[in-house]
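Quick note: the coordinates plus some simple rules give every number you see, no bench work behind them. Bear in mind that the values here come from a model prediction, so they are computed numbers and not experimental data. Positions of Cβ are backbone-derived with ideal geometry, glycine not excepted, and every protein chain shown enters the neighbour counts.
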Amino acid sequence: MRMKTILLGIPLLLCLSLQQAAAKSEGPSPEEKANVKCLDCHRATNAQLVRDWETSAHSKNGVVCAHCHGLKHTTAEDTHEARLPTPDTCKKCHEKQFTQFSKGKHALAWAAMNAMPTTHMLPMALTQGEKGCGGCHKIGIKSAEEIAELKKHGSGFGNAACDSCHTRHAFSKKEALQPQACQTCHMGFDHPQWEMYSASKHGVRYSLKQLGVLGEQASAPKCQTCHMQDGNHEVRTPWGFLAVRLPLPEDPQWKADQVTILQALGVLDPQGKPTARLDVVKAADVARLTQEDFDRERKKMLDTCQQCHAREFAEGELKKGDEMIKAADHLLAEAIRIVAGLYKDGILEKPEGYTYAFPDLLTFHHAPRPIEQRLFVMHLKHRMRTFQGTFHANPDYALWYGWSEMVRDLSEIEEMAAALREKHAKGAAKKVAQEEALESRAVKADDHQS
């Protein structure tokens, strides 16, 4: 097998050698000539940048500054002329990876962020300034118009996508293959996958492998093992980010619960019919919308699990994740119905901009009152931890940071709703009493005049 690989590689090496020989006979290209000046200048101003590039595969294969940044920037006064690379820049050499990436969820990250109803209510420094959602969602592909808008507001970064994982200017494949490459984005409030993974048996074993305690042949999966099988840059999961999917479950209670959740997500109307927001969910690819889509991703995951586990065991563990989504959905749906009931009965005024008489789970931190804030946290923080903790083999996250918190959320929402109803009833009774008193005084006045 090794000899076959070597023999197969000979034509490619011969081709590269002939190309390099031809290039040398023609003399240095304009990009290569410019590179001497680029390196001399940036050694004085950004030395580490140059050192990173010098250690890169790009440097060893003749990919120089101008190939990515163009030839227009030549002095300190015209830095705005430096072209910033986009995924199309990388596509010239990495077409397979670009094609895979373009079909995956990371490519849609920028569109998904901007599709959220409250994104545009955030300070620009948090979104386009990349100190909030934009800091990770910049991995998504942007249009030329969006890039121009970013530059207009002083953000010249985030145009590329590949450099989110293969960070510039080393663009190291080895770096991107480590689970830590995923850590900066997949952590925190609504997606603490790093915390779950790194404290799980999978993550601990890989950490010991990195430290040399376990040998190179030890079974120890990393993020890329399960989510980038065979280096596939699509990076998909069976359930998707929202853990809702079509077709709806056959179980009557779970189906009803998922319908309620979809109504609170704004993708189904009160009659259960699709809304315009469903198109946004489809475009952002945050849910699996056909059985075939789900089955394809589930099979990929099962095949990966079987590298270390028996299929029966793997199927059982993934089934537990499905069951935890079902259990979490029932708690969340109960909470949604309580808040929707407050709108329906006139206890709470339906917030402006809410199309239907359901709380909007996508309003996030702009939910108007404490009870709706608690519901948003229940959905985006605790429900996520419940099922993601299960799938990531982290019992503590699944139970104490997820399920247990959802139970607490529901009890607090029930208590707040009861207090609001009591307050409303007292207010209504007081109003009736005031109206009766006014009417009584009016009657007495009429009697007095007569």
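Indicate the helices, whole DSSP H runs only, in the chain that combine a mean Kyte-Doolittle hydropathy of -0.5 or more with a Cα extent along their long axis of 20 angstrom or more.
Working: long enough: 2-26 (36 Å, 0.73); 30-45 (23 Å, -0.95); 291-305 (21 Å, -1.83); 311-344 (48 Å, -0.19); 404-449 (68 Å, -0.81).
Answer set is 2-26, 311-344.
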Discussion item. Can you give me the distance in nm between label points at residue 408 and residue 51, each placed 7 Å from the Cα along the Cα-to-Cβ direction?
Written reply: 4.6
Worksheet item: What dipole magnitude, in Debye to the nearest 20, does the chain give about its Cα centre under +1 on Lys/Arg Cβ and -1 on Asp/Glu Cβ?
Response: 1340
Discussion item. Could you identify which residue out of 160, 44, 437 has the top mean-square fluctuation in a GNM of the chain using Cα springs shorter than 10 Å?
Written reply: 437
Worksheet item: Where the centroid of each part is defined by its Cα atoms, how far is the range 219-282 from the range 65-88 in Å?
Response: 41
Item to complete: Could you size up the charge dipole of the range 84-178 around its Cα centre, putting +1 on the beta carbon of Lys and Arg and -1 on that of Asp and Glu, and report it in debye to the nearest 20?
Response: 260
Worksheet item: Between residue 75 and residue 124, what is the spin-label point distance in nm, taking each point 7 Å from the Cα along the Cα→C-beta axis?
Response: 2.9
Worksheet entry | Cα lying deepest toward the dipole's positive end in the range 150-284, options 187, 212, 202, charges on Cβ | 212
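Quick check: from the Cα gyration tensor, does the range 222-332 come out rounded (a/c under 1.5), prolate or oblate?
Numbers: a/c = 2.73, a/b = 1.57, b/c = 1.73.
The shape class here is oblate.
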Item to complete: Enumerate by residue number the GluC sites (Glu not before Pro) in the range 157-229 meeting two conditions: DSSP loop (anything except H, G, I, E, B), and at most 13 other Cβ atoms within 10 Å of the site's Cβ.
Response: 216
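For 190, 257, 446, what ranking results if the residue with the fewest other Cβ atoms within 10 Å of its Cβ goes first? If you can, show how the numbers build up before the last one.
On the way: 190 15, 257 25, 446 9.
The order, fewest Cβ neighbours first, is 446, 190, 257.
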Fill in: For the range 358-450: rounded, prolate or oblate by the Cα gyration tensor [a/c cutoff 1.5]
prolate
Practice prompt. Would you mind classifying the range 410-450 by shape? Square roots of the alpha carbon gyration tensor eigenvalues, ordered a ≥ b ≥ c; an a/c under 1.5 is rounded, otherwise it is prolate if a/b is larger than b/c and oblate if not.
Written response: prolate
Item to complete: Of all alpha-carbon pairs in the range 84-178, indicate the percentage at a distance above 16 angstrom.
Response: 56
Worksheet item: Near the amide H of residue 268, under 5 Å away, which other amide H atoms are found, from residues 5 or more places off or on another chain, if H is placed in the peptide plane?
Response: 263, 275
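Roughly how many debye, to the nearest 20, is the charge dipole of the range 42-103 about its Cα centre, given +1 on each Lys and Arg Cβ, -1 on each Asp and Glu Cβ, and no other charges?
Working: 9 positive and 7 negative charges, 64 e Å.
So the magnitude is around 300 debye.
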Worksheet item: Quick one: which of 273/344; 138/282; 138/201; 151/222; 282/326; 381/430 span more than 28 angstrom between C-alpha atoms?
Response: 138/201; 151/222; 381/430
